[in-house]
Amino acid sequence: MKYNFSNIKKAKKILDKKDCIAIPTETVYGLAANAYSDKAVKKIFKLKKRPHFNPLIVHYLDLEDLIKDCEINHNFIKLYKKFSPGPITYILNLKKNSKISKIVTNKQNTLAVRFPKHLITRKLLKDLDYPLAAPSANISTGVSSVCYRDVNDEFGKKLKFILDGGRSSIGLESTIISLVNKPKILRLGGLSLSKIKKVLNKKLIFKINSAKILSPGQMKLHYSPGLPIRLNVKKPKEKEAFILLKKNKKFTKNIYYLSKNGDLKEAAKNLYFTLRKIKKDKFDSIAVEKIRNLGIGKTINDRLLRASKFNG
Ligand code: AMP
Ligand code: MG
């Protein structure tokens, strides 16, 4: 996609006034504001209806900008060199003199940071003299946005500007790894664990809020289109939308494919898009066939499991 420089200028103007805009990234669209300003980041929480205790990811152009705010370490450098810019978020210690708003971190002394790859957003970050706090551009607990129209459907006129960068190429959120102590995975995401393991050359610790172990009402609902979802379905019910990984001649009615030939990356890119489409097509419920639990398939299954906690 070509740069639209006049749009980047407009985006900067609004951000400089401590307002929110939506930005494109390769994972999902972000709801962005100046991470150094209490006033600006408060608007993110309000627009998203996000609980104040859920901290935000801050987006930087590069290492040079990051070191103004965060302490870095050996593991970080290894991963940064290999995977950034890209779909990985690091938790690092904040520097004592960091200017990051306390509202971003909910007063913790650690910060979640990412370096987005999308060229339009990189150009924007280059033009700003502050980093951008940016959670996914959707109302809390809902499906993330992967294109201009999704963001518009979520916020409408409440949002002053959406910087259009086409469809997000990955379509799922970043993988989150804490590097404060021993490397610890906090969220599955767009970068597969095997790649991270290879670079760090050590076992990873996991502290993912399991969607499995809790009973339905207990599990915090997330990534939900607001419809009941059944997983690992072999035969859909009469009126259910049926999501398949790839074409299957056995089924002909109410079918949505995530990919042409079963490619998991293509499926990931299409997952949120498909969930929104089904809602727009006025189905009351969704069934999903079993998705291979491999590579980014693990992230797809994580999101579907959390979305399936919808009960009403
Ligand atoms: P979202 O912005 O919607 O992609 O979600 C960001 C995720 O990052 C949330 O699950 C937060 O809990 C997590 N997060 C942000 N900052 C921190 C932090 N300092 N420590 C641990 N997790 C964090
Ligand atoms: Mg989110």
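Amide H neighbours of Ala137 under 5 Å, counting only residues 5+ apart in sequence or on other chains, H built in-plane at 1.01 Å?
Tyr29, Gly30, Leu31, Ser145
When the dipole is taken about the Cα centre of the range 261-312, and only Lys, Arg (+1) and Asp, Glu (-1) are charged at their Cβ, what size is it in debye, to the nearest 20? Intermediate results must be reported in sequence, preceding the final value.
Working: 13 positive and 6 negative charges, 38 e Å.
Dipole magnitude for the range 261-312 comes out near 180 debye.
Compute the acute angle (0 to 90°) between the alpha-carbon long axis of helix 38-48 and the principal axis of greatest extent of the alpha-carbon atoms of the chain; round to the nearest 10°.
Around 10 degrees separate the two axes.
Where does helix 264-280 land angle-wise versus the long Cα axis of the chain, in degrees 0 to 90, nearest 10?
70 degrees
Between Lys235 and Asp62, 0.36 nm times their residue separation minus their Cα-Cα distance comes to what?
Length gained between Lys235 and Asp62: 57.5 nm.
Let me see the P(r) profile for the chain: every Cα-Cα distance counted, bins of 20 Å, each bin given as a percent of all pairs.
33, 58, 9, 0
I want the local charge near Ile103. Using Cβ-Cβ distances under 10 Å, sum +1 for each Lys or Arg and -1 for each Asp or Glu among the other residues.
Details: positive: Lys39, Lys42, Lys102, Lys107; negative: Asp38.
After counting each charged neighbour, the total is +3.
Do any chymotrypsin sites (Phe, Trp or Tyr not before Pro) in the range 154-212 lie in a DSSP loop with no more than 15 other beta carbon atoms within 10 Å, and if so, which?
Numbers: sites: Phe155, Phe161, Phe206; in loops: Phe161.
Counting only loop positions with at most 15 other Cβ atoms within 10 Å, none of the chymotrypsin sites (Phe, Trp or Tyr not before Pro) in the range 154-212 qualifies.
How much net charge surrounds Asp129 when only the other residues with a Cβ under 11 Å from the Cβ of Asp129 are counted, with Lys and Arg +1 and Asp and Glu -1? Please report the intermediate quantities before stating the final value.
Working: positive: Lys12, Lys68, Lys99, Lys126; negative: Asp16, Asp65, Asp127.
Neighbourhood net charge equals +1.
Each value in this text was obtained by applying a stated rule to the coordinates, not by laboratory testing. Quick caveat: nothing in here was measured; it's all calculated off a predicted structure. Note that we place each Cβ from the backbone using ideal geometry, even for glycine, and neighbour counts take in every protein chain shown.
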